[in-house]
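> Attaching a single structure in C-alpha cells format; questions to follow.
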C-alpha cells in the first residue's frame with residue numbers, strides 16, 4: 001500500500017477543524033489567547049486635553065517673542081488638575097499627563113522657561129498653539145473599534161483593552177489535549193529505571209509544544225502495554241472532554257503495539273495510518289466524533305517532528321490562532337545522499353549568513369537521539385526521491401527555534 005504524502009496527511013488532519021466556542025475571562029487570564037469578538041472602547045483616551053511634557057500651560061498669544069514674563073498661578077499634576085482658568089499673562093506649572101487648564105492652548109517646555117522668582121517665569125521660546133498637548137480622544141474615542149475578532153492578545157493588545165475600560169474579554173476557549181504514553185519499558189524521570197527500562201521523555205516535549213499553541217494539557221501518565229489499561233486511559237481522556245487525544249508509542253506493527261487495535265475497539269474512526277515521512281512513518285490520525293486522535297511514534301525524535309508538523313497546527317486552529325510554519329530557503333553546509341520515497345526531516349544547525357542561512361545536517365540522524373534534537377534549531381526538508389546534493393546546494397528549512 002502506498003504511503004500517504006505529508007501534505008495530504010496534513011490537509012486531512014486539519015479538515016473540519018474550527019476555532020472552539022468562546023468564553024469570558026478576566027484580563028490577566030486573556031494573555032496569549034485569541035479575541036472571540038470585535039472589541040470597542042468603553043471610554044475616551046485621553047479623557048481630557050493632557051500635557052505631553054513637563055513645563056508650563058500658557059496662552060500662545062501671551063508670548064510675543066522670547067522675552068515675555070508670565071505669572072505662575074498654580075500647578076496641574078497627573079491626577080490633580082488646576083481648578084481655575086488661565087487669564088492673559090498667566091501660566092500654570094504642568095506635568096506630563098496632567099489636564100491642561102482652561103484658557104491655555106499650548107505648553108512651554110520647562111527648559112524653555114527661566115524662573116525669575118517663585119511666582120514669575122521668563123519665556124525663552126514662543127511655542128505654537130496646540131504644541132505638546134494631547135487632545136481628548138487623541139488615542140481613541142468611546143465606541144471606537146480598538147481590536148478585531150481573531151486578534152492574538154499580546155501584551156500591547158491587553159494594555160489597549162485595559163485602557164479602553166475592559167476588565168474581562170471574550171476569548172476562544174483553550175483546546176484540551178490529553179496525553180497517553182504507552183510502554184512497559186517507560187518510567188517517569190524521578191524513578192530509577194530497571195535493567196530493561198528507559199525514562200519517558202516524549203510527554204514533556206509534546207506537552208510543551210501544545211501549550212505553546214494555547215492548549216491545556218492532561219497528562220494521563222504512562223500506561224503499560226495492556227489492552228485494558230490502554231482502554232481505561234482512552235475512556236478517561238474522553239470523560240475529561242479532550243479535544244485531541246495524543247498517544248505516544250504503541251502504534252507500529254509489533255505484537256506489543258496495541259494502541260491502534262484498542263482505539264478501534266473503543267470506537268475510533270481511523271482516517272489514516274502511516275505516512276511517507278522520515279522520521280515518523282507510523283503516524284496515526286482518527287477521531288471519536290468531535291474528538292481528534294493523533295497517534296505519535298514512540299521514538300522521541302519521530303514524536304517531536306510529527307508533533308511539530310501536525311499537533312501544533314491542530315491546536316492552533318482550535319484555539320483560533322493563525323499558524324504558519326517558519327519555512328526558509330537556505331544552502332546546505334554539507335552534502336546529502338539521494339532520498340527514497342519518504343520525505344526527510346533532517347536535524348541541522350542553521351547559521352545565518354549574509355546571503356542566506358546555511359543548514360549543516362548532523363551526521364547521525366537516528367530517531368532516538370535527543371542530543372542532536374536539542375542542539376538542532378532547524379530541519380532540512382528533503383522531498384521524496386530528491387537527488388544527491390552537494391554542499392552549497394539550495395534547500396528548504398523548517399525552523400524549530
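Only the coordinates and a few stated rules stand behind these numbers; no lab work does. As the structure is a computational prediction, the values presented were derived from the model and not from experiment.
> At q = 0.14 Å⁻¹, what is the log10 ratio I(q)/I(0) for region 55-194, with the Debye formula run over Cα points and no solvent?
Reported log10 I(q)/I(0), two decimals: -0.77.
> Now, a different point. Taking N as the number of residues in region 50-134, what value does Rg over Cα atoms divided by 2.2 N^0.38 Å take?
0.92
> Shape call for region 327-399 from the C-alpha gyration tensor, a ≥ b ≥ c root eigenvalues: rounded (a/c under 1.5), prolate (a/b greater than b/c) or oblate?
oblate
> What number, in percent, do you get for the relative contact order of the chain if the mean sequence gap of Cα pairs under 8 Å and at least 6 apart is divided by its residue count?
Details: 930 pairs, mean separation 62.9, N = 401.
Rounded, it is 16 percent for the chain.
> Assuming a ≥ b ≥ c are the square roots of the Cα gyration tensor eigenvalues, decide whether region 282-354 counts as rounded (a/c under 1.5), prolate (otherwise, with a/b larger than b/c) or oblate.
Numbers: a/c = 2.95, a/b = 1.59, b/c = 1.85.
Here region 282-354 falls in the oblate category.
> While we're on this one: Label region 178-314 by shape, choosing from rounded, prolate and oblate, from the square roots a ≥ b ≥ c of the eigenvalues of the Cα gyration tensor; if a/c is under 1.5 it is rounded, and otherwise prolate applies when a/b is larger than b/c, oblate when it is not. Don't skip to the end; give the middle numbers.
Values: a/c = 1.24, a/b = 1.16, b/c = 1.08.
Rounded is the answer for region 178-314, as its axis ratio a/c remains below 1.5.
> In deg cm²/dmol, rounded to 500, what helix-only [θ] at 222 nm does the chain give when every DSSP H run of at least 4 residues adds -39500 (n - 2.57) and the total is split over its residues?
Calculated at 222 nm, the ellipticity per residue is -5000 deg cm²/dmol.
> If you wrap the chain's Cα atoms in a convex hull and average its projection over all directions, what's the area in nm²? Could you put the intermediate results ahead of the total?
On the way: hull surface 113.4 nm².
Averaged projected hull area, Cα only: 28.3 nm².
> Working from Cα positions, state the angle (0 to 90°, nearest 10) between the long axis of helix 227-239 and the longest principal axis of the chain.
Around 20 degrees separate the two axes.
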